[in-house]
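Report on the structure given below.
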Amino acid sequence: MRSAIVGAVSGCAAALVLLFVPLAALAQEPLPPAPPIYSAPFQMRPAVAGNAVRIDNSLMVADSGIGHATTLTAAYKVWDELAPLVRLGFMTASPDDPMLEGGAAFVNPLLGALYTPKLGSMFRLAPFVAFGIPWLSGGGGDSPSAGAALATQAGNQSRNMFEGAMALVNYLPIITGCDVALIHGGLTVQASLTIVQYLRARGPEMNAAGATVPSYMLNSFWMLYAGYAIVPMLSVGVELRHQQWLHNDGIPTSDARRNQTSVGGGVRLRIKLSDTQTIPIGLAYSRGADDPLAAAHANNFWLDFAFTWR
């Protein structure tokens, strides 16, 4: 009897050892670090290529009236970190002045590609190239409607004058740019530089005032973004933007329209549908930091939503 009891106790002890030793070893192993969360900016390009369909809406409320722009972007990752994309846009204007005609216009569609290789464990490089197709847009040509022409101007203002590649519908834009992003934990810091060349493809050589319309223009766009994911599904961020004409014979060097600065910020919600599907939603507000955006008292509101998958 005693030997049976001893045998039973010994068996239980052996079972407990076999159970707890692996658990103890597992507890001592460090947990893998959580993957970094990319806090996507609002008006800037993403620094992580992927499969996405995204709609961006901007609304400007200013002394002169209301301007609006909607763009649809579709991107598909074809190889590693390379994603070709297409972008379509539509702009409207509702002026307060009863003497001005409101209107709407489809703007230059863009075709491009984004490549976002990793640089180590925390950085991304994101070169970008694209071009526009002015012959498929409205509001241009030799005799555009006044309302459509005003729509492209007001729509561009609602984007803080950063949509010239789409809004200047008489020009063929050639876009080259590059972003660098730091993505660590929940923090994202991203800097962007874009150069756009404009080649006049249609429209009159003289404007209504009798001045020569430039056949070539060169513009630069500088942006800085900082965002932080408070929790995986919610992030906040701020953007600083500066536009500087490098060559434009249509705007005197002393004119305030040669360069413009704006600042904005907002929140982004990420709704996870599955391990591979997400719906990001962004809501932001921006305002001009100097003239002419500041002089127009333009308040720009931003709403974007997308469907992403992998």
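Throughout, read-outs are computed from the coordinates displayed, never taken from laboratory work. This is a predicted model, so every value here is computed, not measured. In this analysis, Cβ positions are derived from the backbone assuming ideal geometry, glycine residues included, and neighbour counts consider all displayed protein chains.
Which shape class, rounded, prolate or oblate, goes with segment 120-170 when its Cα gyration tensor gives a ≥ b ≥ c as root eigenvalues, a/c under 1.5 marks rounded, and past that a/b bigger than b/c marks prolate? Oblate shape, in that a/c is at least 1.5 and b/c is the bigger or equal ratio. As a calculated quantity, the FRET efficiency between ASP97 and LEU199 at R0 = 41 Å, using C-beta atoms, amounts to about 0.80.
Simple rule: put +1 on each Lys or Arg Cβ and -1 on each Asp or Glu Cβ in the chain, find the dipole, and look at ILE183, VAL213, MET161; the Cα lying farthest toward the positive end is ILE183.
Taking Cα atoms only, the orientation of helix 146-158 departs from the longest principal axis of the chain by about 40 degrees. What FRET efficiency, computed as 1/(1 + (r/R0)^6) with R0 = 35 Å and r the Cβ-Cβ distance, is obtained for TRP309 and THR176, rounded to the nearest 0.05? Computed FRET efficiency for TRP309 and THR176 comes out at 0.80. Remark: MET206, MET161, MET60 ranked as MET206, MET161, MET60, counting other beta-carbon atoms within 10 Å and listing the fewest first. What label, among [x] 1.22; [y] 1.01; [z] 0.94, belongs to Rg/Rh (Cα atoms, Kirkwood Rh) computed from the structure on display? Answer by label: [x].
Label positions at SER220 and ASP255, each projected 7 Å from the Cα along the C-beta direction, are separated by 2.0 nm. Taking all Cα pairs closer than 8 Å and separated by 6 or more residues, the relative contact order of segment 162-310 comes to 15 percent.
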